[in-house]
Amino acid sequence: MDREHKMETSLEEIRHLLSHLHGEVTALESSYSQVLSVLRKFEGVANTDDLTGLLRRRAFFQTWEAILQECQRLNESCGVLMIDIDHFKRVNDTHGHATGDEVIKRVASLLKQYESPNCVVSRLGGEEFAVAIKGTDAEILGVAEFIRRGAEKLHGPVVGSGSESSSSNVEWKCTLSVGMASAHKVGYDASSLLKAADEALYVAKKSGRNQVRAA
């Protein structure tokens, strides 16, 4: 009897210990989950542009590299667009930075309409954007032209203050210049593609702006 009693006592102690350990593990899992959630939020903030909500440069390049690798492995077509708001300095100088920010946000909203698993959009900095797209050359150029035409329709009241031009009857308008490069022609190298698209963008701007040019 004494031996059985000792065994029962030992088993009860083991059950108590296991119950305690289970509670500790549950608490650790909960803490880990909370920490992971906070880290993900910080990661999202770090990867997203404050003004537009688009991907920042670094996050875009990471995603773009992954798209290129996948397309190369599957022998699929893809390309990249480099986009610049025409005469943006003039907008800031004439209407103020508040209006300039509004123009950037409206262009970003236009680009967001094209976001999908096959299309990634980024604000590279200032008035410059990049769009990475899976698709044929014709499909990518089609998206570029839709974006350019969409920008022509953008307009809004000047929101700057302290300027004679910021009266309620004055509106801003904008156009975009777009350079396009495809992996089909340039190869599946991110740096080469972006350089080629940037050179095509330069040609678009030198040729009068508000147009799409392909590398």
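Residue under question is GLN34, and the condition is that it be at pLDDT below 95, open to solvent by 100 Å² or more (accessible area, probe 1.4 Å), under 30 Å from SER177 (Cβ atoms) and not small (Gly, Ala, Ser); does it hold? Show your work before the answer.
Values: at pLDDT below 95: yes; open to solvent by 100 Å² or more (accessible area, probe 1.4 Å): yes; under 30 Å from SER177 (Cβ atoms): no; not small (Gly, Ala, Ser): yes.
Considered against the rule, which asks whether it is at pLDDT below 95, open to solvent by 100 Å² or more (accessible area, probe 1.4 Å), under 30 Å from SER177 (Cβ atoms) and not small (Gly, Ala, Ser), GLN34 comes out as no.
Taking LYS185, is it modelled with pLDDT under 95, among the charged types (D, E, K, R) and open to solvent by 10 Å² or more (accessible area, probe 1.4 Å)?
Answer is yes for this residue.
So for the range 199-215 (the condition being under 18 Å from GLN69 (Cβ atoms) and crowded, with 20+ Cβ neighbours inside 10 Å), does at least one residue qualify? Reasoning before the result, please.
Of the residues in the range 199-215, the ones under 18 Å from GLN69 (Cβ atoms) are none.
Looking through the range 199-215, none of the residues is under 18 Å from GLN69 (Cβ atoms) and crowded, with 20+ Cβ neighbours inside 10 Å.
Mind telling me which of the residues ASP101, ASP137, ASP84 ends up being at pLDDT 95 or above and within 21 Å of TYR188 (Cβ to Cβ)?
The unique qualifying residue is ASP137.
What number of residues in the range 46-86 are more than 26 Å from TYR202 (Cα to Cα), in a loop (DSSP other than H, G, I, E, B) and of a type in the set (D, E, K, R)?
2
Output the number of the condition that LYS112 fails; it satisfies all remaining conditions of (1) within 21 Å of PHE60 (Cα to Cα); (2) surrounded by 14 or more Cβ atoms within 10 Å (Cβ to Cβ).
Evaluating LYS112 over (1) within 21 Å of PHE60 (Cα to Cα); (2) surrounded by 14 or more Cβ atoms within 10 Å (Cβ to Cβ) leaves (2) as the failure.
Considering only residues that are within 16 Å of the chain's Cα centre (by Cα) and open to solvent by 50 Å² or more (accessible area, probe 1.4 Å), look in the range 64-84 and name the one that is nearest to GLN211 (Cα to Cα).
Ranking the candidates gives GLU65 first.
Cβ-Cβ below 7 Å, separation at least six or inter-chain, first residue in the range 191-205 and more than 15 Å from ALA144 (Cα to Cα) and at pLDDT below 95, second assigned to a helix (DSSP H, G or I) and open to solvent by 60 Å² or more (accessible area, probe 1.4 Å): which pairs?
From residues that are more than 15 Å from ALA144 (Cα to Cα) and at pLDDT below 95, there are no pairs.
Could you tell me which numbered condition ALA46 fails, if it satisfies all but one of (1) open to solvent by less than 70 Å² (accessible area, probe 1.4 Å); (2) closer than 19 Å to GLY125 by Cβ; (3) at pLDDT 90 or above?
That leaves (3) as the condition not met.
The values are calculated or read from the model by the stated rules, or taken from the named source; none is laboratory data. Computed from a prediction, not measured in an experiment: that's the story for all the values here. All Cβ positions, glycine included, derive from the backbone under ideal geometry; neighbour counts span all protein chains shown. These accessible areas exclude ligands, DNA and RNA; they are computed on the full protein's heavy atoms, side chains included. Shrake-Rupley method; radii C 1.70, N 1.55, O 1.52, S 1.80 Å.
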